[in-house]
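Working notes, structure below.
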Amino acid sequence: MIREYQARDLDNIMSIWLDGNKQAHNFIDESYFINNYDLVKSILPMSTIFVQDIDGVQGFIGLTDNYIAGLFVAKDHQRQGSGQALVVKAKQLHNELYVHVYKKNHSAQSFYLSQGFEIVSESINEDTHEAEYLMCCRVEHNVKIGKCAL
């Protein structure tokens, strides 16, 4: 079940966030995520957040307008449709979605490509100095409708 974030979810979400970043971004020193934990915990509730909750929080998506600020699924619940369900929820709210994905994070790229996203540009992340792609998906009733405008 996808539902709106509730304040009681924050600790679970942050645990999923930290574990997910360590797992997906092993090319970045994990101290980066540990050092940013408190900052993310304080600003995360300012986003629009939806959680996948089936007997507990299994994953979440954080949106800042039509930008996916974060999408994480607990390791033992990955590849079971939670990420896709969260993206579908975001597509219900926005006709165009954007997300940054590290170039070295091939599984995230594959996931977003499978959800109808396309790579529209490449840049260097200012904080991590890692290459990243900006990906976009334009939707109309969850159907890809064309190129993204920058």
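The values are calculated or read from the model by the stated rules, or taken from the named source; none is laboratory data. Keep in mind that what you see is a predicted model, and the values were worked out from it rather than measured. All Cβ positions, even for glycine, are placed from backbone atoms using ideal geometry, and neighbour counts span all protein chains on display.
When segment 89-117 is examined, which residues are found to be in contact (Cβ under 8 Å) with a residue 60 or more places away in the chain and not aromatic (Phe, Trp, Tyr)?
Those that are in contact (Cβ under 8 Å) with a residue 60 or more places away in the chain and not aromatic (Phe, Trp, Tyr): Lys89, Lys104, Asn105, Ser107, Ala108.
Just to be sure before I move on: is Leu71 within 12 Å of the chain's Cα centre (by Cα) and touching a residue at least 60 places away in the same chain (Cβ under 8 Å) in the structure I sent?
When the stated conditions are applied, Leu71 does not pass them.
Against the definition (out of contact with any strand residue (DSSP E or B) (no Cβ under 8 Å at 6 or more places or on another chain), over 24 Å from Arg3 (Cβ atoms) and at pLDDT below 95), how does Asn26 come out, yes or no?
When the stated conditions are applied, Asn26 passes them.
Just wondering, is there one or more residues in segment 37-48 that are among the acidic types (Asp, Glu) and farther than 24 Å from Val88 by Cα? Working first, answer last.
First pass over segment 37-48, keeping only residues among the acidic types (Asp, Glu): 38.
Imposing the further condition that a residue be farther than 24 Å from Val88 by Cα reduces the set to 38.
Yes, segment 37-48 has at least one match.
Which of (1) in contact (Cβ under 8 Å) with a residue 12 or more places away in the chain; (2) closer than 23 Å to Gln52 by Cβ does Val120 not meet, given it meets every other one?
For Val120, the failing item is (2).
Could you check how many residues of segment 46-83 are modelled with pLDDT of 95 or more and of a type in the set (S, T, N, Q)?
3
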